[in-house]
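Engineer: Below you will find the structure I want to go over with you.
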Number of protein chains: 2
Amino acid sequence: MSQLVSEIGEEGLLRRVRERLGSGAPGEVWAGDDAAVIRVPRDRMLFATDFMVEDVDFSLAYAAGADVGFKAVAINVSDMAAMGGFPLHAVASVSLRPDVEVAFFDSLLDGLVDAAKEWRVSIVGGDISSATEVMVSVAMTGACDEEPILRSGASPGEAICVTGTLGASAAGLFALQHELRGSHHGIDGLIRRHLRPRARVLEGLRLAKVGATAMIDVSDGLALDLKRLMTASGTGCIVEPATIPVDPAIGEMATLVGESPEPLDLAVRGGEDYELLFTIGRERYPDAKLMVGELGTQVTAIGEVTDGPMRIGDMDLKGKDLGWDHLRNR
Amino acid sequence: MSQLVSEIGEEGLLRRVRERLGSGAPGEVWAGDDAAVIRVPRDRMLFATDFMVEDVDFSLAYAAGADVGFKAVAINVSDMAAMGGFPLHAVASVSLRPDVEVAFFDSLLDGLVDAAKEWRVSIVGGDISSATEVMVSVAMTGACDEEPILRSGASPGEAICVTGTLGASAAGLFALQHELRGSHHGIDGLIRRHLRPRARVLEGLRLAKVGATAMIDVSDGLALDLKRLMTASGTGCIVEPATIPVDPAIGEMATLVGESPEPLDLAVRGGEDYELLFTIGRERYPDAKLMVGELGTQVTAIGEVTDGPMRIGDMDLKGKDLGWDHLRNR
């Protein structure tokens, strides 16, 4: 018989958390006290937070608890990667509807722990409450081997590059919402890109070493995140649409459905790809392509930093409706 | 004319946040990049998170945005205090209903910033999303001058003590819910204890110096938090109800209302007082009382750590319904 979280209560859930997380590395204290006590290896640290809300960022109609937990960690790890850093410790806050099954909570915890293992981040504490929707908020610390790569370091003349392919996550969401499934035409791969995003930590570390000048992860869409990068740098840009690495599986999916969205549009506005968008001096670009390529991840130059306006082809990034805005687009 | 958050969107709100928070201390990068870059003064750090959900932890029927923001920081600072530590940096996640006014968000931001100033913690980043209820989640780092005081350090024979008075916050909530107001009979003071809790940072630092052996902040009620302290220490306890420092204003409020709750019950089960509950060797108790007394905060010995059962008078702490459980009690 299935048990509801309201039957075992906050205390019961916290006990499950403590059992899953363990009591900590030597000299550390993890879940179970007022605060965790953790070791800090450097005198500078990265610190970020990102959260996911049911029916805004995911739907339980298609996402399992483990997907939600995994992604909540992954999107924070991606923030560390976008600084050229790596994750160290995390705390997680979870709100649950009282009518949610304990099995869902266990699955969510599985996802958190799986992602933590994947990127070697220690989840050292958290908080649980009830709400009318499921919410997972993760805060994460990290560190850099080199200087952190800020959004503000781009200069005119540099190349604008992106790792991997774009649009896959938004296409995966489209597939989930339209109940398209199946390994043929790569649909399962697209769905996986949406539910279980990969944070590009190793890629970010190499890009820091090779001299990337500014970097951001593509979380809200190429257009919006490119605008953020250029705005922070006080520069303009020109991106050639034909060079944008649209994920090839999107076109294949489009052949299956009548009204599927335009692949390039998904790549430009889709968001949640968690690829790294960065700028780098022209002379360093071949090294970046080579070093990241060794990890099995492609790097594509899609345009150039300018001192003019911000453009992707004919699209002026000063305009509205560039991508995902959590409060505007409902 | 009032403006809604959905009209200015996430980007517009983030701009307001960046303007309020500033660009950071020298050598640091605060809000505006993928992660904040912060300096870490020690090789060990405290790390905790706590969040508040509308209609579970507060109601906008009686709490202003500034109250919610202030308390979200205060409860995390209290976690640092309960370790005998002090806060350093924080990140805040905020979910808003799209129909919330921008003025509410500004007020919430005021509260976050006021509390941050109060306890000298730097809010260095955050995240905003929409949801069907307002939620504020804060994650905080801190540090200790002495060894952190864990929940697990109590030994039989030691005194169980608490700072300040108990029950005031729950009484303040009662007053808010029953629309009792006014400076007479101390009602406004009780309300303030509920809406603007004081985190006992200076008290915690002195208790660490003077040799407190185990400590927790009273967030979910004396009964539940005492049980947590004793369970972590593997000990029992006997608390004498007559010694519990029930806030005197509660009795005064009770004279005003027919069906007001029993003052001792509020002190035992009420929660959210954010006083420090700690254990200390009998011989150190007078020093603790003196040193914390110098801060204008009373310390009261309410019982003794034992190797027997956990009791407050006749109440067995093994039982249920000890205090606030976020998922059980709706």
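The values are calculated or read from the model by the stated rules, or taken from the named source; none is laboratory data. For clarity, every value in this text was computed on a predicted model and none was experimentally measured. In this analysis, Cβ positions are derived from the backbone assuming ideal geometry, glycine residues included, and neighbour counts consider all displayed protein chains. Each accessible area value is taken on the protein alone, full model and side chains, heavy atoms only, with ligands, DNA and RNA left out. Shrake-Rupley method; radii C 1.70, N 1.55, O 1.52, S 1.80 Å.
Engineer: Using the heavy atoms of the protein chains alone and a 1.4 angstrom probe, what is the accessible area of chain B per residue in square angstrom? Before the final figure, lay out the partial values.
Structural biologist: Details: 12170 Å² over 330 residues.
Here the residues of chain B average 37 Å² of exposed surface.
Engineer: Binning every alpha carbon pair distance of the stretch B:158-200 at 5 Å from zero, what are the percents per bin?
Structural biologist: That works out to 6, 24, 29, 18, 10, 7, 4, 2, 1, in percent per bin.
Engineer: Shortest first, in nm, what separates the label point of A:Asp43 from those of the same position in the other copies (7 Å along Cα→Cβ)?
Structural biologist: 1.4
Engineer: So how many Å³ per residue does the convex hull of the Cα atoms of the stretch A:198-266 work out to?
Structural biologist: Values: hull volume 8.5 nm³, N = 69.
Convex hull of Cα atoms, per residue: 124 Å³.
Engineer: Probe radius 1.4 Å, ligands and nucleic acids left out: can you give me the accessible area buried at the A-B interface, summed over both chains, in Å² to the nearest hundred? Mind dumping the intermediate values first?
Structural biologist: Numbers: alone 15050 and 15050 Å², together 24340 Å².
Summing both sides, the interface buries roughly 5800 Å².
Engineer: Hey, another quick one. To confirm my reading of the symmetry, which residue of chain B has the Cβ nearest the axis that brings B onto A, and what whole-Å distance does it have?
Structural biologist: Spelled out, residue of B and its Cβ distance from the axis onto A: B:Ala139, 2.
Engineer: While we're here: List the distances, in nm and shortest first, from the label point of A:Glu262 to the matching label points in every other copy, placing each point 7 Å from Cα along the Cα-to-Cβ direction.
Structural biologist: Shortest to longest, the spacings are 7.1 nm.
Engineer: Considering every residue in B:161-171, what mean count of other chain Cβ atoms within 10 Å of its Cβ is obtained? Display every interim value, and only then the final one.
Structural biologist: Working: counts 0, 0, 0, 0, 0, 0, 0, 0, 0, 0, 0.
Taking the mean over all residues of the peptide, I get 0.
Engineer: Quick one: with label points 7 Å out along Cα→Cβ, list the inter-copy distances for B:Ser155 in nm, shortest first?
Structural biologist: Distances between equivalent label points, in nm: 6.3.
Engineer: Based on Cβ point charges of +1 for Lys and Arg and -1 for Asp and Glu, what charge dipole magnitude is obtained for the stretch A:115-208 about its Cα centre, in debye rounded to the nearest 20?
Structural biologist: Working: 10 positive and 10 negative charges, 63 e Å.
Using Cβ point charges on Lys, Arg, Asp and Glu, the stretch A:115-208 gives about 300 debye.
Engineer: What does the accessible area of B:His185 come to, in Å² to the nearest 10, when a probe of 1.4 Å is used?
Structural biologist: Looks like 70 Å² after rounding.
Engineer: Below 8 Å, C-alpha to C-alpha, sequence gap of six or more: please give me the relative contact order for the stretch B:170-301 in percent.
Structural biologist: Computed over the stretch B:170-301, the figure is 37 percent.
Engineer: Counting Lys +1, Arg +1, Asp -1, Glu -1, what net charge surrounds A:Ser169 among other residues with beta carbon under 14 Å of its beta carbon?
Structural biologist: Within the 14 Å Cβ shell, the charges total -4.
Engineer: Right, another one. At 10 °C and 1.306 mPa s, grab the translational diffusion coefficient of chain B from Stokes-Einstein with a Kirkwood Rh over Cα pairs, rounded to a whole number in µm² per second. Walk me through the numbers before you get to the answer.
Structural biologist: Working: Rh = 20.6 Å.
Reported coefficient: 77 µm²/s.
Engineer: Explain nothing, just the number: dipole magnitude of chain A about its Cα centre with +1 on each Lys and Arg Cβ and -1 on each Asp and Glu Cβ, in debye rounded to the nearest 20.
Structural biologist: Values: 31 positive and 50 negative charges, 133 e Å.
Here chain A has a charge dipole of around 640 debye.
Engineer: Here's another thing I want to ask about it. Explain nothing, just the number: relative contact order of chain B, from Cα pairs under 8 Å at least 6 residues apart, as a whole percent. Walk me through the numbers on the way to the answer.
Structural biologist: Details: 741 pairs, mean separation 70.7, N = 330.
With pairs under 8 Å counted, the relative contact order is 21 percent.
Engineer: Choose one of B:Ser95, B:Thr132, B:Ala115: the residue whose Cα lies farthest towards the positive end of the charge dipole of the protein assembly as shown (beta-carbon charges +1 Lys, Arg; -1 Asp, Glu; about the Cα centre).
Structural biologist: B:Ala115
Engineer: Collect residues whose amide H, placed 1.01 Å from N in the peptide plane, falls under 5 Å from the amide H of A:Arg311; neighbours closer than 5 in sequence don't count.
Structural biologist: Correct list: A:Cys237, A:Ile238, A:Val239, A:Leu317.
Engineer: Hey, another quick one. Could you tell me whether the stretch B:123-230 comes out rounded, prolate or oblate from its Cα gyration tensor? Rule is a ≥ b ≥ c as square roots of the eigenvalues, rounded for a/c under 1.5, then prolate if a/b exceeds b/c, otherwise oblate. Mind dumping the intermediate values first?
Structural biologist: Details: a/c = 2.08, a/b = 1.29, b/c = 1.62.
Taking the square roots of the gyration eigenvalues as a ≥ b ≥ c, the stretch B:123-230 is oblate.
Engineer: Cross-link candidates for A:Lys289: which aspartates and glutamates have Cα within less than 12 Å, leaving aside residues fewer than 8 places away along the same chain?
Structural biologist: Counting by Cα, and skipping residues close in sequence, A:Lys289 has these aspartates and glutamates nearby: A:Glu203.
Engineer: Now, a different point. Quick check on the protein assembly as shown: helices-only [θ] at 222 nm, where DSSP H runs of length 4 and up contribute -39,500 (n - 2.57) each and the sum goes over total residues. Nearest 500, please. All intermediate terms of the calculation are to be shown ahead of the outcome.
Structural biologist: Details: 20 runs with 230 residues, N = 660.
The helix contribution divided over the protein assembly as shown gives -10500 deg cm²/dmol.
Engineer: Additional query: Helix A:168-177 against the longest principal axis of chain A: what's the angle in degrees, Cα atoms only, rounded to the nearest 10?
Structural biologist: Relative to chain A, helix A:168-177 is tipped by roughly 50 degrees.
Engineer: How big is the charge dipole of the stretch A:1-78 about its Cα centre, in debye rounded to the nearest 20, if each Lys and Arg gets +1 on its Cβ and each Asp and Glu gets -1 on its Cβ? Before the final figure, lay out each step's value.
Structural biologist: Details: 8 positive and 13 negative charges, 86 e Å.
It comes to approximately 420 debye.
Engineer: Give me the percent of the accessible area of the stretch A:63-157 that comes from carbon and sulfur atoms, probe 1.4 Å, all protein chains in place. Display every interim value, and only then the final one.
Structural biologist: On the way: 1090 of 2330 Å².
Whole-percent figure for carbon plus sulfur exposure: 47.
Engineer: Hey, what's the per residue convex hull volume over the C-alpha atoms of the protein assembly as shown, in cubic angstrom? Intermediate values should be presented prior to the final figure.
Structural biologist: On the way: hull volume 104.3 nm³, N = 660.
It is 158 Å³ per residue.
Engineer: Can I ask one more? Over all distinct alpha-carbon pairs, what is the Kirkwood Rh of the stretch A:211-330 in angstrom? Display every interim value, and only then the final one.
Structural biologist: Numbers: mean 1/r = 0.0654 Å⁻¹.
It works out to 15.3 Å.
Engineer: Hey, rough spin-label estimate for A:Arg20 and B:Glu179, points 7 angstrom out along Cα→Cβ, what's it come to in nanometres?
Structural biologist: For A:Arg20 paired with B:Glu179, the spin-label model returns 4.4 nm.
Engineer: With 5 Å bins from zero, work out the P(r) of the stretch A:98-150 over every alpha carbon pair and list the percent per bin.
Structural biologist: With 5 Å bins starting at 0, P(r) equals 4, 13, 22, 21, 16, 11, 6, 4, 3, 0.
Engineer: May I ask you to derive the relative contact order of the stretch A:21-177, considering only C-alpha pairs under 8 Å and at least 6 residues apart, and to give it as an integer percent? Show your work: numbers first, answer last.
Structural biologist: Details: 253 pairs, mean separation 49.8, N = 157.
Taking the mean separation of contacting Cα pairs over the length of the stretch A:21-177, I get 32 percent.
Engineer: Can I ask one more? Taking the square root of 5 times each eigenvalue of the Cα gyration tensor, what semi-axes in Å does the equivalent ellipsoid of the stretch A:1-126 have, largest first? Intermediate values should be presented prior to the final figure.
Structural biologist: Values: eigenvalues 132, 70, 23 Å².
So the three semi-axes of the stretch A:1-126 are 26, 19, 11 Å.
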